[in-house]
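Notes for the one structure printed next.
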Amino acid sequence: MVRGCGGRCLCALLFGLLLLACRGPAVYPSPTPTVSLVPGPSTPAQPSPAPSPTSPGTPSPVPTPTVLPTPSPTPVPPTATPTPTALPPTATPPAGAETARVISRLPTADAVIALTFDCGADRGYAEQILDELARHGIHATFGMTGAWARANPDLVARMLREGHVLINHSDSHPSFTGYSTGSAALSAEERATEIRAAEQAVAAITGSEETLRPFFRPPYGDYDEALLEQLPELGYDALLLWTVDSLGWRGLPPEEVVQRVVAAAGPGAIVLMHVGAQSTDAAALPMLIDALATAGYRFATVQEFLG
């Protein structure tokens, strides 16, 4: 039984070898240079996109370096030269459009104060004030009315001789707008007459109608746009107000005048005082000068900083 089985197996083996010899050698295709990426069992098969600088693609036989685009600057207008901000059409004022400056403080950051005294009523304490200023070598600014100049030509001459500055304070001290007095506003002709009459009163002493220019201090501090437009036509480019009113003209006690002015003192402050007999400013002046000097201030005229 075993012998018969072995004979059959041997015959089958010989037959298989005979068939294999008849077929000839196996021929396999040559590999192509392109290498295809075969997805693995954990990677889903997807069509490969075309390579881009920012996304991975099918590796090529010879890798090439990624080329990044040159950064573009923030877009600018197509003009080669930037256009400056447009200026208002009135940057250069047309003829007749000039207006006077309104000044209530000197343009300085230094410890400087301007003492100004209005001369609109009586002779008052003007001599004592001039004596005190001379004692300290201080030059002040005096708001001069024509009426006061005609009544006190000797003091006007002394003020100029000792280096003080005179500014126009009108001829008879009316409110130009009527605001403080409840009166009617002056017309343009009346305003011009007030200013010219003051110039002429001082010119009778100094020989020049330009002595009071270019500063005008309106009576009571009352003014309007029409006055600011008119002043340059009359030779004045600055309307001078003040930083602090001493209120000596109200009869404030001298000690309180000093406290009030010192409390408001600062670089470029303009102090308003009066020479009249009802004012306490003359009595307060020696203490005020000492207090301001002790605080480190020096004194100047408005012309020194405003020209």
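What per residue convex hull volume, in Å³, comes out for the stretch 101-306 when only alpha-carbon positions are used?
Output value, Cα hull per residue: 106 Å³.
From the residues Thr294, Pro153, Gly182, which one has its Cα farthest along the dipole of the stretch 101-306 in the positive direction, the dipole being from +1 and -1 charges on Cβ of Lys/Arg and Asp/Glu about the Cα centre?
Ranked along the dipole, the leading option is Thr294.
Quick check: Cα centre of the stretch 183-250 to Cα centre of the stretch 144-170, how many Å?
So the two Cα centres are separated by 14 Å.
The numbers here are math on the coordinates, done by the rules we state, and not lab data. Just so it is clear, the structure is predicted and the values come from calculations on it, not from any experiment. Neighbour counts run over all protein chains shown; Cβ positions are idealised from the backbone, glycine included.
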